[in-house]
Structures are given as C-alpha cells and as structure tokens.
Amino acid sequence: MYCALCRKHNVDLGEKTHNFCSGTDDFILEIINDHHSSEAHAWATCMEAASNNIPDTAATEQMLKSMSKTTLGRIENIFRTCHAIAKTGRPFTDLDWMCKLDDMKGVDIGSIFRNDKAAKIFIHFIAEAERRALKEKLEKCKFFSLISDGITDNTIREAALVYVRFAYQGKIHCQIVGVQSVEKCDASAVKNAILKILQADLQLNLPSQDWARKLVGFGSDGRDIMVGQTNGVAKLLKEIQPCIQSVHCLVHRLEIAYKAALKSTQPYTILMGLLQNMYYFYHNSSLNKSNLKLVYEDLKLRTSIPSRIGGSRWLLRLQTGLQILLKGYPAVVLHMSKIEEEPCSSNHQKAKDLLKLLLKTDIVKFSHFLLDVINVLNILSRVAQDQNSSIADVFATIQSTLETLQMYQTRSGPRERLVETITHFHGHQLVGDGDISATRTELLSNLFNRLRDCFCDASEDVLRASAIGSFKLWPDKIKQEFGEMEVSVLTKYYEPILECASVKVDEVETEWNMLKAELYNRYQSIRRLTWDSVNTDYSHKYPNILALVDLVLTLPASSDEAARGFCQMKLTMMRLRSKLMFESMTDLMVIQMNSPDIKKFDPQKAIQLWNISWQRNRRLQAGQQEASHEKLDCSSDSEWERESSFGSD
C-alpha cells in the first residue's frame, strides 16, 4: 500500500518503516491518519495543487495562504537562513549545520531542503526578488544613470560591474545590477557586457526607445577604455543616447591631481618614506611594538602604533598616519632614542636613521602643513564617495575646497600655525632652519589648478548648472535672478529627454521662480532643506521643476560604488575560497549590496517567485506523466484510479 500523491510527486523523506512512497504492508488506520497529517503528504498536496493552478501572483498568494502554518513557517525559516548565509558571504554548505543547530534549539525547520543545492536555489530567488523590485523602481522613475567599472586580477578574469543611480521624488538611490565577464579588454566588449547585464538581470533592453530616453549619465574611472574621446564606452553609449553626460570619477581625479601635484616635492617624498619605514619597523617586530606600548604607558598617552599608508583608501590612511605621527611623536622619539643608545641592538641603525628624520624641523613643519591639506581633501573625498551625494553637492564641496586651499596660500592652516616659529617639539630639540614656504606655495598652486579642472571631460555648462540641486549653494536671502540661467541651460540641453518623460518644458522656469519664492517665504534656513521633503510638500504644485531636479540628482559624481562592489566581491571570494560562476556571484552581490538587513528581511516575495517557478516545473512534469499514462493498459488504469482514490482519502 502506498500514497498516490507522495509517489506521483516522489516525496520521500526516507522513513525506514511505513514509507508510503515506496510502499508499506501495514494497514493500521492510525498510521494512515498519521501520514495524512505528515510533512511528506503536506508537500505532495502542495505540489499537486501547484501542478493544477495557473502561475499568476493571485494564485500563488492564495496557495501560500492555503498552506498550513507549520509548512509555511518552515519555508520562511529556511529562506531567512539562506538570506543570512548570502548576506554574510558564507558557503552554501553552511545551511546543513545551521539547520541542525536550529533543531537543537527547538526551531521547526523540517526535514527537507537542508543541503547546499537548495541553498543555491533559494538564494537565487531572494536575489531575483531584489532585482524585480529594482526594475519596478526604474520603471517608476523618469531618469537613471549607469555606473560601471572593470577589473582584472589573479582571482578572477576580466569583468565588468554595473550599478544604476536614479532619483525618485528627491531621494537618491544607487543599487547594483550585476557582474559579467568581458571577452576582451576593449570598449566594445565592455559596452556589450553592460548591455548583457541589464538584459539578463533586469530584462532591460537599453537600446530600445523607452529605456534609452531615460538614460542621462554615465560614471566611470579614468581609463581610456571607459572615457576615451575617440573610442571609449562613454562614446559608444552616446550613440544610444546623445544627451548622456559622461563623468570621470571625482575620487579617481582627486588621486591623480594629488599625486601629480606632490610627485616632485622632496619633503613629501622623505615624509612618505618615513611613515612607511616606521610602519614596518613596528609591524614586523612584536618586541618593538610592545616596547613602544610601554613608553606610551609611562608617558600616560593613548597608545597609537604607526599605521599603514597607501592602498585603496590612501587618503584616509595618510590622514591617520599623520595624526598618529604627531600625537605619538614624544613616545616614538623616546623609544627610538633608547634603541639608539644600545649599539648591540639589531635595530640600532634603523632607529638612528628614523630618529634623524624625526628631529628635522622641515619634516615636522611639513607634516603639520600636509595634514591641513589632507583634512580638506578628505572631506571632498568623503562627500564624493557618499552615494546620497548629488553632483551639485560635490560642486559645492569643490568650491569650498578651492577657497580653503587658496586661503592657505596666504596664511597658515590650523595645524601649521602651531609650529610656525618652534625650535622644540614636545620637548625635543629640532635641527635645520625649517623653511618650507617655497614648497608649500608651489604645492598649493599645483593642487588648486588641477582640482579646478576636475570635470573637463563633460559638458561644463550642464554640470555647473546642476549646482541648483544643492541647497548648500543657494543664497541665504532670495535673489530674483538666482538659478534662472542654470534652469535655462538644463532644460535646453535635456529637452528631448524631458519631453519623453512628460515634463512640460515651457512651464519649468515659471515653476522654478514660484517654488523658489515659496521656499524662501516658508523656511528661515534654506540650506537645511532636503529635496525629498520639498517633494512631499510641493510635488502636486510644481511637478515639472521637481522632475528636472530629479534629473540633476541622478547624475553621478563618481564611480566609487563600483569600486566598493569589486572590493566586496573579492572579499566574498576570499571567504568562500573558490571561483564562483558570475551568475552565483551576481546573486550574492545583489543580496549583500541591495537587500535589507537580516533583521528586516521579509521572505514573502522570494517565496512567491520560488512557488511560481515550482508550479511551472510541476505542470511540465504533469504533462510528461499524462503522456506516459496514455500508454498504460486497462489494469494499470484501474490501479492508478485506486492509488488516486487512496491519495484523496
């Protein structure tokens, strides 16, 4: 005797006795009733219902409601576990032992879907739910920009990663789409990879008129393959949308400008060598590190070991390295002096050379001056890397950065003023005259000129006009002419895109003046406003000018999101210690970068997508089974009827 439904859908949970899938010779009614309420029979019933239903959303939701609370709770628990595995970058095989741990804690997980294959399937549908949510957002918004970057290293082959940036009702969104391998390193191949990512992950055909009309910006790093004037990805995308604005990553430009301005500065080269050698002096010797900590304790100072400089976060690391050098200067010098007094020490000569540089007046003064400059540049870098910053916010920060650097040309910064006339630093006699006036003037002049031309590869008029998108650049008191020229430039340049987005171009300038007047009359501090709050209050009155503001907020200021995405991808691959396929890596990246936190994750949409796919597969299997049943003889037909009757009972 066996259950027709369990055998039909091959639901076998591996019972050693009374297995109603393979058959049992025990006809006790109590055992039959137990099987009817068992987990195996519940899954077989769900499969039967799925094979007979049309896979639409309403049917799926109704089916989920018809499931028993126990069965649905088990599915939700497993989906939450799979989401946590993907969110933290853990291997798929962790699902097995995590389910065993849940069993020990008394959490009802059930006895199926507890392997790495099921984890991979569930993670795919969780990522698919996030992708569909992203596509819905893109369909609602009027404009979007692409952000892309490429990478080649020893762990993965040439690959391209794509983000989309868009603004909806004054709120900026920046989310990952996917990662795709690139056949060869040229602009055409990268462009095709970008189009393939959009098509495969979002079912978004960029060259089509509907989507091409929404594309307004493209952010990337400064490689020729991306922003080349003759044959770059930006140039190829202009063939799809002529109005697109290509923006060279400001963070990348900042690094180029900084290194070019300081490349031939001798005090800078000496100082960088000093910081690097100090880091290795303590990093490679646990004895030196422990002795330095004892010196800090004796001086009653907070322990700060010299840190690494350079790398991907070079600006922040350099700022930290300089701060540690100046705050921990008395402890480091005292420790170096003690080692110098021990001729038998293996570190005697190294300590002597480092101490000689530490006691130079020009090195001490230049360290303070450079820290002033780095503090200013770090604020600009932080604003550019913030995904919620618009290009107008970056322009506002660039303007204040240039003004501050120009001020430093005529007067010293806050850190440099502390050491202008010193001959001792923290009680230690310094040597040398310490005149760095010529060096600092040349450095500031070069840096000022290079930062001023940060956006030379894009339309200067359009990008400067986008400054109206930052309330930080609005005047304290209303000016009748403020923003009129900028709005005119933007509407003229983007007129085809605005018209396709159902924006009434002729009414934009009128709405700008009226919105501006209302904001100044209602709010005392105009610079504290945000565009999402303005949209909440005025979207029904001034929809056209606010749509133009959304376009301005959509323009990217950097490609740093893509760089962070690649860092996350490398970290995930290092954790898993394997080379994943790009499809699986895309699923993991989408969950890690786009999905909510583990505490806020709701698996309902992912379960619905999985259920729809399940229905489709079951219908195909049912069709194949019906075709095979037609070939059965009469005795087989009667036996099948008896089996079905037992299953229905």
Which condition number in (1) surrounded by fewer than 16 Cβ atoms within 10 Å (Cβ to Cβ); (2) among the acidic types (Asp, Glu); (3) under 27 Å from Ser208 (Cβ atoms) is the one that Asp149 fails?
(1)
Where a residue in the range 348-361 is under 9 Å from Met336 (Cα atoms) and its partner, wherever it lies, is open to solvent by less than 40 Å² (accessible area, probe 1.4 Å), with Cβ under 6 Å and at least six apart
Ala351/Met336; Ala351/Ile339; Leu354/Met336; Leu355/Met336
Could you go through the range 406-417 and let me know if any residue there is within 28 Å of Asp221 (Cα to Cα) and touching a residue at least 40 places away in the same chain (Cβ under 8 Å).
yes
Tabulated pairs, the range 115-141, first in contact (Cβ under 8 Å) with a residue 40 or more places away in the chain, second of a type outside the set (A, V, I, L, M) and in a loop (DSSP other than H, G, I, E, B), C-beta under 6 angstrom, 6+ apart or interchain:
Lys120/Phe92; Glu130/Ser595
Which of the residues belonging to the range 573-602 are within 12 Å of Gly89 (Cα to Cα), at pLDDT 65 or above and charged (D, E, K, R)?
Asp587
Can you find a residue in the range 189-211 that is open to solvent by less than 10 Å² (accessible area, probe 1.4 Å), under 25 Å from Glu460 (Cα atoms) and over 19 Å from the mean Cα position of the chain (by Cα)?
no
Answer yes or no as to whether Ser367 is open to solvent by 40 Å² or more (accessible area, probe 1.4 Å) and either out of contact with any Pro (no Cβ under 7 Å at 6 or more places or on another chain) or polar (S, T, N, Q) (or both).
no
Being buried (at least 18 other Cβ atoms within 10 Å of the Cβ), in contact with a His (Cβ under 8 Å, 6 or more places away or on another chain) and at pLDDT 90 or above is the requirement here; does Val373 meet it?
no
Residue check for Glu561: open to solvent by 10 Å² or more (accessible area, probe 1.4 Å), touching a Cys at 6+ places or on another chain (Cβ under 9 Å) and farther than 15 Å from Val216 by Cα
yes
Could you count how many residues in the range 108-119 are assigned to a helix (DSSP H, G or I), surrounded by fewer than 19 Cβ atoms within 10 Å (Cβ to Cβ) and touching a Ser or Thr at 6+ places or on another chain (Cβ under 9 Å)?
1
Say whether the condition of being buried (at least 21 other Cβ atoms within 10 Å of the Cβ), under 29 Å from Asp532 (Cα atoms) and either within 22 Å of the chain's Cα centre (by Cα) or at pLDDT 85 or above (or both) is met by at least one residue in the range 222-233.
no
Give, as residue ranges, the helices (runs of 4 or more DSSP H) completely inside the range 257-336 that count at least 1 residues that are over 18 Å from Thr361 (Cα atoms), of a type in the set (Ser, Thr, Tyr) and open to solvent by less than 30 Å² (accessible area, probe 1.4 Å).
266-283, 286-299
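The rows are residues; the columns are (1) open to solvent by less than 50 Å² (accessible area, probe 1.4 Å); (2) assigned to a helix (DSSP H, G or I); (3) among the hydrophobic types (A, V, I, L, M, F, W, C); (4) closer than 30 Å to Ala392 by Cα.
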residue: Ala86; (1), (2), (3), (4): yes, yes, yes, no
residue: Cys99; (1), (2), (3), (4): yes, yes, yes, no
residue: Ile121; (1), (2), (3), (4): no, yes, yes, no
residue: Ala129; (1), (2), (3), (4): yes, yes, yes, no
residue: Glu136; (1), (2), (3), (4): no, yes, no, yes
residue: Glu139; (1), (2), (3), (4): no, yes, no, yes
residue: Leu161; (1), (2), (3), (4): yes, no, yes, yes
residue: Ile176; (1), (2), (3), (4): yes, no, yes, yes
When residues of the range 429-440 are filtered for being at pLDDT 90 or above and either touching an Asp or Glu at 6+ places or on another chain (Cβ under 7 Å) or open to solvent by less than 70 Å² (accessible area, probe 1.4 Å) (or both), how many remain?
1
Scan of the range 340-358 for residues that are over 14 Å from Asn277 (Cβ atoms) and either among the hydroxyl-bearing types (Ser, Thr, Tyr) or buried (at least 18 other Cβ atoms within 10 Å of the Cβ) (or both), ordered by number:
Glu340, Ser345, Ser346
For the range 494-530, what are the residues that are in contact (Cβ under 8 Å) with a residue 60 or more places away in the chain and crowded, with 17+ Cβ neighbours inside 10 Å?
Tyr494, Ile497, Ala501, Val503
Suppose we filter the range 141-159 for residues that are modelled with pLDDT of 80 or more and assigned to a loop (DSSP other than H, G, I, E, B); how many remain?
3
Which one of these is outside any loop (DSSP other than H, G, I, E, B) and open to solvent by 30 Å² or more (accessible area, probe 1.4 Å): Thr404, Thr397, Thr421?
Thr404
Across the range 536-550, the tally of residues that are closer than 19 Å to Gln387 by Cβ and out of contact with any strand residue (DSSP E or B) (no Cβ under 6 Å at 6 or more places or on another chain) stands at 1
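Residue-by-condition table, conditions (1) of a type in the set (A, V, I, L, M); (2) over 30 Å from Ser264 (Cα atoms); (3) not in a loop (DSSP other than H, G, I, E, B):
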residue: Gly413; (1), (2), (3): no, no, no
residue: Arg417; (1), (2), (3): no, no, yes
residue: Asp433; (1), (2), (3): no, no, no
residue: Thr441; (1), (2), (3): no, no, yes
residue: Leu463; (1), (2), (3): yes, yes, yes
residue: Lys479; (1), (2), (3): no, yes, no
residue: Val503; (1), (2), (3): yes, yes, no
residue: Leu515; (1), (2), (3): yes, yes, yes
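The values are calculated or read from the model by the stated rules, or taken from the named source; none is laboratory data. Quick caveat: nothing in here was measured; it's all calculated off a predicted structure. Cβ: placed from backbone, ideal geometry, glycine included. Neighbour counts: every protein chain shown. When the accessible area is computed, the model is the full protein with side chains, heavy atoms only, and any ligands, DNA or RNA have been set aside. Shrake-Rupley method; radii C 1.70, N 1.55, O 1.52, S 1.80 Å.
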